[in-house]
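Some notes on the structure that comes next.
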Amino acid sequence: MSVPIHGNYHGYYLKRPSVNDPRLGLLPDDTFKSKTVLDIGCNEGWVTCEIGQSWGAHKVIGVDIDDTLIRAAWKKRQLVWSLQKPQKHSTGAFEGDEGGNMIKVDHDSDTTTTTTIQDQADYFPVSLQHSFGPLPIPPSQIRGKHVFPHNVSFRTADWTKESIVEDTDGYDVVIAFSISKWIHVNGGDEGLRAFFQRIHSVLKPGGVFILEPQEWDTYKKVRRLNESLKSNILNLKLRPSDFESILGSLGFGPARHLGPTGEGGKCSDNHCKFLTLDHFFLGFCRMVDLYVKLR
Ligand SMILES: C[S@@+](CC[C@H](N)C(=O)[O-])C[C@H]1O[C@@H](n2cnc3c(N)ncnc32)[C@H](O)[C@@H]1O
């Protein structure tokens with residue numbers, strides 16, 4: 001297998017706890033509601049699918065440099081769909097509202113109750129799809145274009161260099177979870193600045209950028225991957241602690257530090273008050289920061 005010089009790990013989510021991704025749980029509840037979202041470096045699409053299925057997004061695009069991961073992401077989308085609770089209910093039907101929530105409409109008793117689709121994810125055991133294969137996805141004309149799974153799609157692209165078709169209309173929310181280090185070590189300080197600049201340019205006014213930067217001490221491990229990255233790292237002047245001022249100079253407001261997820265890992269800057277087994281074994285405990293595009 002080739003060296004994952006872009007952080008393009010296969011089986012990433014076996015390591016990272018992510019059925020209900022704790023990073024999404026840190027965000028304000030309405031972050032994705034009726035929004036168009038870009039998830040950069042989506043890997044196998046777990047976070048992308050969760051946003052599309054459980055957070056009421058209008059449309060979510062996951063982009064990744066690694067085509068094998070994108071193919072796995074499309075499969076994940078079908079798996080998530082296959083495990084979802086069926087839409088029909090004995091006492092009423094589930095219908096999608098504009099925000100992607102499912103409204104349970106009981107026509108007999110004339111009552112309408114709202115239940116989020118989050119309650120209905122992971123309804124069937126995974127073994128069912130292993131034995132019988134995935135469920136077919138009904139056409140978007142029947143199910144709705146902005147309801148999961150039709151509101152989720154994936155693209156292969158090196159997003160630092162190539163545009164994808166959805167960039168043209170812009171996004172309300174852009175997510176960059178655990179990718180800034182990979183952009184930084186491959187593209188250098190200038191590559192990272194250009195990446196932030198591009199995010200700023202594709203966000204609509206008032207749009208939200210959610211960043212989970214890797215700490216500087218984690219860059220050490222990357223040096224072992226190959227000689228070229230090793231020499232790139234020696235030339236880096238910027239540090240993750242500089243990102244907020246770079247983003248500020250581009251037109252973003254101050255960072256809202258939403259907190260580490262507490263799912264484990266070592267925070268070099270003492271954010272982390274959690275000492276769990278994951279802390280030692282998984283090494284994930286990163287700050288999630290939210291920036292609003294002001295100008
Ligand atoms: C460490 S993984 C993080 C996955 C996911 N964002 C998460 O945190 O759950 C980093 C991902 O970014 C992708 N990536 C790195 N550089 C990229 C680029 N220039 N364009 C698109 N994707 C990129 C990698 O292929 C990899 O899947």
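Report whether or not VAL126 is open to solvent by less than 30 Å² (accessible area, probe 1.4 Å) and touching a residue at least 40 places away in the same chain (Cβ under 8 Å).
no
Out of curiosity, is VAL147 surrounded by 15 or more Cβ atoms within 10 Å (Cβ to Cβ), touching a Phe, Trp or Tyr at 6+ places or on another chain (Cβ under 8 Å), touching a residue at least 40 places away in the same chain (Cβ under 8 Å) and under 21 Å from ILE61 (Cα atoms)?
no
Which residues, counting only those in region 229-287, are touching a Phe, Trp or Tyr at 6+ places or on another chain (Cβ under 7 Å) and at pLDDT 75 or above?
ILE233, ARG239, PRO240, ILE246, LEU247, LEU250, PHE252, GLY253, ALA255
Out of ILE246, ILE179, report the one residue that is within 14 Å of the ligand (Cβ to nearest atom), under 19 Å from MET287 (Cβ atoms) and among the aliphatic types (A, V, I, L, M).
Testing whether each residue is within 14 Å of the ligand (Cβ to nearest atom), under 19 Å from MET287 (Cβ atoms) and among the aliphatic types (A, V, I, L, M) leaves just ILE179.
Residue-by-condition table, conditions (1) more than 29 Å from ILE183 (Cα to Cα); (2) modelled with pLDDT of 90 or more; (3) surrounded by fewer than 16 Cβ atoms within 10 Å (Cβ to Cβ):
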position: LYS15; (1), (2), (3): no, no, yes
position: PHE32; (1), (2), (3): no, yes, no
position: THR36; (1), (2), (3): no, yes, no
position: ASP64; (1), (2), (3): no, yes, no
position: ARG77; (1), (2), (3): no, yes, no
position: SER90; (1), (2), (3): yes, no, yes
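Every residue, every condition in (1) out of contact with any strand residue (DSSP E or B) (no Cβ under 8 Å at 6 or more places or on another chain); (2) under 21 Å from ASN8 (Cα atoms), yes or no:
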| position | (1), (2) |
| --- | --- |
| VAL174 | no, yes |
| HIS184 | yes, yes |
| GLY188 | yes, yes |
| LEU192 | yes, yes |
| PRO205 | no, no |
| PRO213 | no, yes |
| ASP217 | yes, yes |
| ARG223 | yes, yes |
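Quick one: which helices (runs of 4 or more DSSP H) lie wholly within region 3-85 and hold at least 1 residues that are touching a residue at least 40 places away in the same chain (Cβ under 8 Å), of a type in the set (Gly, Ala, Ser) and more than 9 Å from the ligand (Cβ to nearest atom)?
22-25, 46-54, 67-83
With respect to PHE195, determine if the residue is within 16 Å of the ligand (Cβ to nearest atom), out of contact with any Asp or Glu (no Cβ under 8 Å at 6 or more places or on another chain) and modelled with pLDDT of 95 or more.
Answer is yes for this residue.
The values are calculated or read from the model by the stated rules, or taken from the named source; none is laboratory data. Given the structure is predicted, the values throughout are model-derived calculations rather than measurements. All Cβ positions, even for glycine, are placed from backbone atoms using ideal geometry, and neighbour counts span all protein chains on display. The area values use the complete protein model at the heavy-atom level, side chains included, leaving out ligands, DNA and RNA. Shrake-Rupley method; radii C 1.70, N 1.55, O 1.52, S 1.80 Å.
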